[in-house]
1. Measuring from centroid to centroid over Cα atoms, what is the spacing of the stretch 559-612 and the stretch 108-162 in Å?
2. Is any helix in the chain, taking whole DSSP H runs, at least 24 angstrom long along its axis by alpha carbon and on average at least -1.0 on the Kyte-Doolittle scale, and which ones?
3. Any idea how far the Cα center of the stretch 223-249 sits from the one of the stretch 498-525, in Å?
4. Carbon-plus-sulfur fraction of the accessible area of the stretch 311-432, 1.4 Å probe, in percent?
5. How about residue 34: which aspartates and glutamates have a C-alpha closer than 17 Å to its C-alpha, ignoring those fewer than 8 places off in the same chain?
6. Can you give me the solvent accessible area of residue 563 with a 1.4 Å probe, rounded to the nearest 10 Å²?
7. Would you work out which of 165, 256, 279 lies farthest towards the positive end of the dipole of the chain? Charges go on Cβ: Lys and Arg +1, Asp and Glu -1.
8. Going from most exposed to least, what order do 333, 370, 487 have by accessible area with a 1.4 Å probe?
Amino acid sequence: MSSVQSREGTTLLQKGAAFLADRDLSAAVEAYEKARDLCADETECHLGLGRALSGLGRFKEAFQSLSQAAQMAPEDPRTHYYLASHLLNSGQPEMALPMFRRLEERHPGYRDVAERFRHCLVRVRFLPPIDLEPDLIALLESGDFTDIAAAPVVAMVLVKKYRVGRHTASDAEWCAAFETDRLLALLLTRCFNVNVALERILLRIRRFLFFGNLPDWSSPARRAFCVRLAIAHFNSDYAGPWDAAERELLEKRLCALEGTDDGDSQSGLDLARTLVGIAMYRQPPREAMVRLAAANLDDPHVRSFLTYLHFDLVALEGETVARLGDVRDPISRRVQTQYERFPFPRWRDIHTSRRIGFAESMRRRFPHTRDLAFPDRPDILVAGCGSGRHPIELAEKFHYRSMVGLDLSKASLAYAQQRARERGCERLEFLHADILNLRGWERRFDVIEAVGVVHHAQDPLEAWGILRSLLRPGGWMKIAVYSRMARRDITRVRDWIHEQGYAATEDGMLAFRADYLAGKVPSSFSFLEEITDFYNLNHLRDLLFHEYEHLFDLDRIEQGLHTLDLTFTGFLFKRLDILLRYRRRFPEDITASNLNHWRRFESEFPDSFLEMYCFWCRG
C-alpha cells in the first residue's frame with residue numbers, strides 16, 4: 001500500500017470513528033467500507049464497520065466484520081467486547097454469555113462487561129454448557145437487577161439441578177434437599193417461581209409441612225425454609241391452589257389462634273409456627289401478627305417474616321397519597337377496584353444503570369432520531385405507574401426536571417412512594433387520579449408514557465387524547481396496548497374460562513389454576529406456562545380475568561396516531577430477535593418504522609407483539 005493510500009485510509013478511519021460517535025451510522029458504514037478497500041489488514045476497519053452495521057440492524061454483515069476483527073486482534077479486549085455485545089443485541093445471549101465471562105476473567109473491570117454479562121444471564125432461553133448458579137446467586141444478592149427478570153433462568157437451573165419432573169423422591173426428601181439451597185432461597189424471597197414442574201414440588205412440600213405442623217420447627221434451617229416458603233406464597237399473591245383437606249385444616253388453625261397464649265418465649269415461637277403455616281396459604285390475621293410482634297422474639301427468621309408480612313403492610317396503610325379529583329367513570333371504578341386489594345405489581349429490586357440523558361437513550365435505540373430535538377432535562381409523566389417500579393427506574397436512569405407517576409390504585413401508589421423513599425428518589429411525585437380527570441390540568445410534559453393503560457379505558461382514544469393534550473409541542477409519547485392478533489390464544493382461554501364459569505375472584509382463579517395443574521384444562525393452553533403472569537394471582541387476574549380491556553391492531557394504532565397528530569417513531573421489543581427478523585424481511589426499511597411493512601410482518605409472524613404493541617411517537 002502506498003503512503004498516499006495509507007494517509008487516505010487513516011483519514012477515512014478517523015471520519016468513520018467521528019460518524020460512529022455522532023451516531024450517524026450510515027455515514028460511518030460508508031467511510032469504513034472505503035477504508036477497508038484501502039487497508040483491509042487494519043483491525044479498526046472491521047471493528048468500526050461491524051459496530052456501525054450492528055447499530056443499523058444489519059446483523060449478519062456485522063457479525064462477519066466483528067468476527068474478523070476478533071481473529072485479527074485476539075488479545076484486544078475491544079474486539080471481543082463488541083462481538084459479544086453484538087450477539088447480545090441481536091438476540092443471542094446464550095452465545096454472548098461465555099464471551100463476556102471470559103472477558104471479565106481476563107480483563108477484570110473492563111468497561112461495562114459485568115453489567116452486560118448480567119443482561120445475558122437473565123435473557124437466556126436455554127442453559128449454556130457452563131455453571132450459572134454462582135452468577136445467579138451473586139445477581140440476586142446484589143439487588144441491582146429487576147427481580148422477576150431473573151426468575152425464569154433461576155427456575156431452569158433448579159429444575160436441571162434436581163431433575164424436577166424426572167426424579168422420584170418423598171416429600172420429606174424434597175424438603176431436606178431444598179431447605180439449604182441458597183439459589184432456591186433467593187428465588188423464594190426475591191422473586192416468585194415461574195416453572196410449573198417446580199411449583200408442583202413446592203406445593204407438595206407446603207402440604208407436607210402444613211399437615212405436619214411444620215415438623216422440626218426447632219431447627220433454624222427448617223424454620224428459615226418455612227419462612228421462605230411463606231414469603232414466596234405472599235410474593236405470588238397466594239397463587240398456589242389448595243385442596244379441601246388443606247382448607248379445612250387452615251380454618252381449624254385460624255379458629256385456634258383466638259386462644260393462643262403468647263406470654264413467654266416458647267409460646268411466642270409456637271405462635272410464630274402457627275402463623276408461618278397459615279401464611280403459606282393466606283395473609284395471617286392482623287391481630288395475631290400484632291401479638292407476634294409484641295412477643296419481641298430474638299429470632300432472625302421470625303423477624304424476617306414479620307418484616308415482609310406485617311411491618312411493611314402496616315407502613316403502607318400510613319401512606320398519604322396526593323389526589324386529583326374522584327374516580328367517577330364506571331369503567332375506571334371497576335378497574336380501580338381490581339387493583340386496590342394488593343399493590344400491583346409488588347417488587348423488591350430493579351435494574352440499575354449509569355445515568356444518561358433522554359436524548360442519548362432515544363438516539364441509541366432509534367438512530368434515525370439523531371437530528372431531532374430532545375429536552376436536556378425533561379418533565380416526565382408516567383400514566384398508569386402502578387407500584388412505581390418504572391418511574392423509579394427512569395428516575396435512576398435519566399436526568400430530568402420533574403417526574404409524576406399517576407395511577408388509579410391508592411394501594412399501588414402507597415407502595416410506590418415507600419419504595420421511592422427507600423431508593424432516595426424523593427423528587428418523584430405520585431398522584432392518585434383517573435386519566436379522564438386530567439382534562440384542563442395545567443401541567444405540561446416533554447415525555448409521557450402510558451404502558452398497558454389506555455386499553456383499559458371505555459374509550460381508549462379518548463384517554464390517549466387527554467394525555468396527548470398534556471404533551472408539549474415536539475414532545476414524546478410511549479404507548480403500549482394489547483395486540484388482537486398476538487393475544488388470540490389468550491382470548492381463546494378467556495372465552496373458555498367464561499364458558500366454564502370460573503369467577504373473577506380469588507377462589508375462581510385458584511380453581512382455574514388447580515384444574516390446570518391437575519391436567520383438567522385443554523392441553524392447547526400449555527403456552528400459559530411460558531408467561532410469568534400465570535404464576536402470580538394478581539398478574540393472572542390482569543392476564544385472564546381483567547375487568548375491562550380493548551384489543552388493538554395496527555390499523556387502529558395508525559388511526560390514533562393520525563387523529564392525535566402524532567408521528568410514529570418505532571417499536572420496542574424485549575426480544576431483540578423479533579427486530580432482527582423484521583430487518584431481514586424488510587432490509588429497505590432502515591428505520592423499521594413503516595407500519596405497512598409491520599402489518600405484513602405481523603401477519604407472517606403473529607406472535608411478534610405478544611408482550612404488547614409498545615412504541616414511541618412524537619408530537
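The values are calculated or read from the model by the stated rules, or taken from the named source; none is laboratory data. Since we're looking at a predicted model, the values are computed, not measured. Neighbour counts run over all protein chains shown; Cβ positions are idealised from the backbone, glycine included. Heads up: the accessible areas ignore ligands, DNA and RNA and are worked out on the full protein's heavy atoms, side chains in. Shrake-Rupley method; radii C 1.70, N 1.55, O 1.52, S 1.80 Å.
1. Here the two parts' Cα centres lie 29 Å apart.
2. 3-21
3. Cα centroid to Cα centroid, the span is 19 Å.
4. 49 percent
5. Output for residue 34: 8, 24, 42, 44, 61.
6. The accessible area comes out at roughly 80 Å².
7. 165
8. From most exposed to least exposed: 333, 370, 487.
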